[in-house]
Amino acid sequence: MNLRKRQVLDAALQLFIEKGFHNTSIQDILSKSMISKGTFYNYFSSKNECFMAILEQVRYEASLRRHEILHGNDPSDENILIEQIIVLMQINKEQNLVSIFEGIFQSNDLELRDALMRNRLIEVEWLSNRFVDIFGEEARPYTLELSILFFGMVQHLSMSFRTFYGVTVDVKKVVKIAFRNIKVVLPEMIATNDVIIGAGSLQLIEGNTHYRPITKDMILNKLEGFLSELQYDDIHTVGIQFTQTLIEQLTDDTLRSAVVEALLKPFRSSFSNTSHEAESIELSNMLWFYVKNFKET
């Protein structure tokens, strides 16, 4: 994604927060980002698609932070999982996205509501797989329903706390309590072998969740394009070196996955608080997924 397109997304997000999604017009976005209508439609077919691109950026960042939390740690560590779970909640809070989501769910915009639901399904599937890491293969037939129960508890406990006390509950506390509760539920599910939503249920709606295949050639093209942008700017010397090293690792005959994993956090950190931060997050996330799939196959 080029820098100009990211600037449009940033401008749109600020407007969605300030005015609300439905009260923000495409003309508002054009004025704030100082682009023409033709340029906007070159990037996005609609305001809805612009918002979906923002959701994708959030997923990239959440996924990357979770990879970094897990890297080098035991996947069965419950505390690591809790830290991973709260990442997306923290990002939504940092970027003031919760109020936008609430407005969309209360609207009649089926396209956007479906987009948010797809995001939730991706989150449920991720947690379902992580529960297998925590509880073992024996739990796999039950972890999808367990994930749905978990998020339901977190959502309703949080909403009820805000209703009763007028303030927001501590996210980590409510996640810990919900996790404690599902640990009690799981043995009964296993003992009775009784579930409403089985492990294969997501396959019934797999067309609703979209995963782009990530190939080495795709990442190399993006890294090389990223590098060409950086070379016009001498202040990113360290970032240029990391980018060049990642390209070298991917073009080597033997991929050293441990080396690539070790490079990703400093690579991303070298662009922190710069105009290239968002693209470095996207690239890092793609590399995490590629290396993960490489190791599994």
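Every number in this text was worked out from the coordinates using simple rules, so none of it is lab data. Quick caveat, the model's predicted, so the values are computed rather than measured. Methodologically, a virtual Cβ is constructed for each residue, glycine included, from the backbone with ideal geometry; neighbour enumeration extends over all protein chains shown.
Arranged by the count of other C-beta atoms within 10 angstrom, fewest first, what order do Phe294, Phe21 take?
Listing Phe294, Phe21 from fewest to most nearby Cβ atoms yields Phe294, Phe21.
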> What spacing in nm lies between the two simple spin-label points modelled at Leu227 and Ser275, each 7 Å away from Cα in the Cβ direction?
Replying inline: 2.2
> Shape of the chain from its Cα gyration tensor (a ≥ b ≥ c, root eigenvalues): rounded if a/c is under 1.5, otherwise prolate when a/b > b/c, or oblate?
Replying inline: oblate
> Which part of segment 48-81 falls in the paramagnetic zone of Ala258, meaning amide N under 14 Å from the point 7 Å along Cα-to-beta-carbon?
Replying inline: 72-73
>> Between Thr297 and Thr192, how high is the FRET efficiency from 1/(1 + (r/R0)^6) when r is the Cβ-Cβ distance and R₀ = 35 Å? Nearest 0.05.
In response: 0.45
> How far apart, in nm, are two points set 7 Å out from the Cα along the Cα-to-Cβ line at Arg162 and at Lys176?
Replying inline: 2.2
>> Is the C-alpha gyration tensor of segment 55-208 telling us rounded, prolate or oblate? Criteria: a/c under 1.5 is rounded; beyond that, a/b larger than b/c is prolate, otherwise oblate.
In response: rounded
>> What distance in nm lies between label points placed 7 Å from Cα along the C-beta direction at Ile69 and Glu49?
In response: 3.4
> Given the C-alpha centroids of segment 1-68 and segment 118-139, what is the distance between them in whole angstrom?
Replying inline: 29
> Which of the aspartates and glutamates could be linked to Lys176 by a straight reach, that is with a Cα gap under 13 Å, when you skip same-chain ones fewer than 8 residues away?
Replying inline: Glu78, Glu83
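What is the local net charge at Ser147, summed over the other residues whose Cβ is closer than 10 Å to its Cβ (Lys, Arg +1; Asp, Glu -1)?
-2
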> Taking Lys19 as the anchor, which lysines have their alpha carbon closer than 18 Å to its alpha carbon, excluding any fewer than eight residues away along the same chain?
Replying inline: Lys32, Lys47, Lys93
> With each run of n ≥ 4 DSSP H residues scored as -39500 (n - 2.57), what mean residue ellipticity at 222 nm is computed for the chain after dividing by its residue count and rounding to the nearest 500 deg cm²/dmol?
Replying inline: -24500 deg cm²/dmol
> For segment 1-58, rounded, prolate or oblate, judged on the Cα gyration tensor with a ≥ b ≥ c (square roots of eigenvalues), a/c < 1.5 rounded, else prolate if a/b > b/c?
Replying inline: rounded
>> What is the sum of charges, Lys and Arg at +1 and Asp and Glu at -1, for the other residues whose Cβ falls under 13 Å from the Cβ of Glu94?
In response: +1
